[in-house]
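Data block below; observations after.
Just so you know, all these numbers are worked out from the coordinates, no wet-lab data involved. Remember, it's a predicted structure, so these values are computed and weren't measured experimentally. Here the Cβ positions follow ideal geometry from the backbone for every residue, glycine too, while neighbour counts run over all protein chains shown.
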Amino acid sequence: MSDPIIRYSETDSKARYVATVEGVAGEGELTISKVSPTLIIADHTAVPDSMRGMGIARALVLRLLEDARGKGQRIVPLCPFVRGYAMRHRDDTADVIQW
């Protein structure tokens, strides 16, 4: 399997990460709402059955964390997947996760 290609798009109040894998149908997504320049809410993560077990959701979360760090943002993890990841990796996410 090749690594996922993750694209980012945004509007004034929302943003979306989309992951695709060459040769695999479908796309995974992680959506966020922008509360302020320094606070975002992770709303939703979804991966189609065709991509299950490939680590796509994890890759999306890692990209979100990397981008938030780079922008000096805090993340409120309302999405169950992002919340679960943050809870399992508290030491690695404490600088960006806002509980």
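How long is the gain from THR11 to ASP91 if the chain were fully straight, where each residue apart is worth 0.36 nm and the alpha carbon distance is subtracted?
25.7 nm
Can you list the HN-Hα couplings for the stretch 73-82, worked out from phi with the Karplus curve (6.51, -1.76, 1.60; θ = phi - 60°), rounded to whole Hz and with x for Gly and Pro?
Taking θ as phi minus 60°, the curve returns 9, 10, 10, 8, x, 6, 5, x, 5, 4 Hz for the stretch 73-82.
Any idea what the relative contact order of the chain is, in percent, if you count C-alpha pairs under 8 Å spaced at least 6 apart?
Numbers: 175 pairs, mean separation 21.0, N = 99.
So the answer I get is 21 percent.
Roughly how many nanometres apart are two label points built 7 Å out from the Cα toward the Cβ at GLN98 and LEU62?
Here the modelled spin labels are 2.6 nm apart.
Note down the magnitude of the dipole of the stretch 5-93 about its Cα centre, charges +1 on Lys and Arg C-beta and -1 on Asp and Glu C-beta and zero elsewhere, to the nearest 20 debye.
Approximately 280 debye in magnitude.
Of all DSSP beta bridges located in the chain, what percent are antiparallel, nearest 5? Mind showing how you got there, number by number?
Numbers: 19 of 24 bridges.
Roughly 80 percent of the beta bridges in the chain run antiparallel, per DSSP.
Restricting to DSSP loop positions (anything but H, G, I, E, B) with no more than 15 other Cβ atoms inside 10 Å of their own Cβ, which GluC sites (Glu not before Pro) remain in the stretch 15-99?
Answer in residue order: GLU22.
Give me the mean projected area, in nm² to one decimal, of the convex hull enclosing the Cα positions of the chain. List each step's numbers first, then the result.
Working: hull surface 24.3 nm².
For the Cα atoms of the chain, the hull's average projected area reads 6.1 nm².
Most mobile of ASP49, ASP67, ASP12 per a Gaussian network model of the chain (Cα springs, under 10 Å)?
Looking only at ASP49, ASP67, ASP12, the largest GNM fluctuation is found for ASP12.
Measuring from centroid to centroid over Cα atoms, what is the spacing of the stretch 1-70 and the stretch 80-98 in Å?
15
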